[in-house]
Amino acid sequence: MNLVCLDLEGVLVPEIWIAVAEKTGRPELRRTTRDEPDYDKLMRYRLELLDKHGITLPHIQEVIGSLRPLEGALEFMTWLRARTQVIILSDTFEQFAAPLMKQLGWPTLLCHELIVAPTGRITGYQLRMADQKRRAVEALRGLNYHIVAAGDSHNDLSMLLAANHGILFRPTDAFAAANPTLPVTRDHAALRKEIEKVLK
């Protein structure tokens, strides 16, 4: 039995924090897991910036509401879900994800949760568990699923290596070069072909 695990941002939808950076005029918020592999360090950096500039959860949700899936992502998801089970494994937050999940047809999503004050100020975050993508893949493999996983960044690497078949999607050249055992795909048509090899 096959099961596909996908990262969300950079694979199916745009990077939320980059969109927030552009909308708020705060380029410091463009920093993502492509730039900083230490997720806790990255989130503490982001929360400090949000506090400093008075950016609240409603501001971010407004930006997210304007985002659309990446070109080809909806067609890819329709094709994929007709053939196998799909789980989105993301380091985003429940409070961010709903508008995007609606556009993608409400696939199953496992992610984290923000801690938010009544004022809308984001005061912290609660990880579902450390290294949750890898641990989810390992648990699913323990249930006798053959896992195909796709992601684009440092925080996906342990998931990709834990899967039976890991695939890089639009990685940086440096990240692809550092992980030569993982096939590289640059668009959803190529990702589909790579997954088809396994599903057959």
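We did not get these values from a lab; they are worked out from the coordinates using the rules stated. Source: prediction; values computed, not measured. As a convention, Cβ positions derive from the backbone with ideal geometry for all residues, glycine included, and neighbour counts pool all protein chains shown.
Contact order, relative form, for the stretch 83-200: 15 percent (alpha carbon pairs under 8 Å, 6 or more residues apart, mean separation divided by residue count). Of the residues Cys111, Cys5, the one with the fewest other Cβ atoms within 10 Å heads the list, and the complete ranking is Cys111, Cys5.
In plain terms, the chain from Arg31 to Leu161 could stretch by 44.4 nm, reckoned as 0.36 nm per residue minus the Cα-Cα distance.
Counting beta carbons within 10 Å around each of Phe96, Phe175 and listing the fewest first gives the order Phe175, Phe96. Springs join every pair of Cα atoms under 10 Å in this Gaussian network model of the chain, and among Asp35, Asp91, Asp173 the largest mean-square fluctuation is at Asp173.
Of interest is the spacing of the C-alpha centroids, which for the stretch 5-60 and the stretch 162-200 amounts to 24 Å. Taking Cα centre as origin and charging only the Cβ of basic (Lys, Arg, +1) and acidic (Asp, Glu, -1) residues, the dipole magnitude of the stretch 17-65 rounds to 80 debye. With R₀ fixed at 35 Å, the C-beta to C-beta distance from Lys23 to Asp187 puts the FRET efficiency at about 0.85. Only one of the listed values, (i) 51, 33, 31; (ii) 68, 46, 32; (iii) 62, 44, 43, was derived from the coordinates as Cα extents along the principal axes in Å; which label is it? Among (i) 51, 33, 31; (ii) 68, 46, 32; (iii) 62, 44, 43, the one derived from this structure is (i). Distances between placed amide hydrogens fall under 5 Å for Asn179 paired with no residue 5 or more residues away or on another chain.
Note on Lys193, Lys23: ascending count of other Cβ atoms within 10 Å places them as Lys193, Lys23, the fewest first.
Note on Asn144 and Glu113: the extension gain reaches 8.3 nm, defined as 0.36 nm multiplied by sequence separation minus the Cα-Cα distance. Under the simplified labelling scheme, the Leu74-Asn2 pair shows an inter-label distance of 2.5 nm, with each label point 7 Å from Cα along Cα→Cβ.
Shown is the FRET efficiency for Lys41 and Glu62, computed with R0 = 35 Å from the Cβ-Cβ distance and rounded to the nearest 0.05: 0.85. For the chain, set up a GNM with springs between Cα atoms under 10 Å and report which of Leu143, Leu42, Leu29 has the largest fluctuation. In this elastic network of the chain, the residue with the biggest mean-square fluctuation among Leu143, Leu42, Leu29 is Leu143. Shown here are the Rg and Dmax of the Cα trace of the stretch 26-106, at 15.1, 47 Å. Among His53, His112, His165, the largest mean-square fluctuation in a Gaussian network model of the chain (Cα springs under 10 Å) belongs to His53. Which whole-number percent gives the relative contact order of the chain, counting Cα pairs below 8 Å spaced six or more residues apart? Worked out over the chain, it gives 25 percent.
Be a star and scan the stretch 76-103 for residues whose amide nitrogen sits under 15 Å from the point 7 Å along the Cα-to-Cβ vector of Arg128. Answer for the stretch 76-103: 86-98, 101.
At 222 nm, what helix-only mean residue ellipticity would the chain give, in deg cm²/dmol to the nearest 500, using -39500 (n - 2.57) for each DSSP H run of four or more? So the calculated ellipticity at 222 nm is -12500 deg cm²/dmol.
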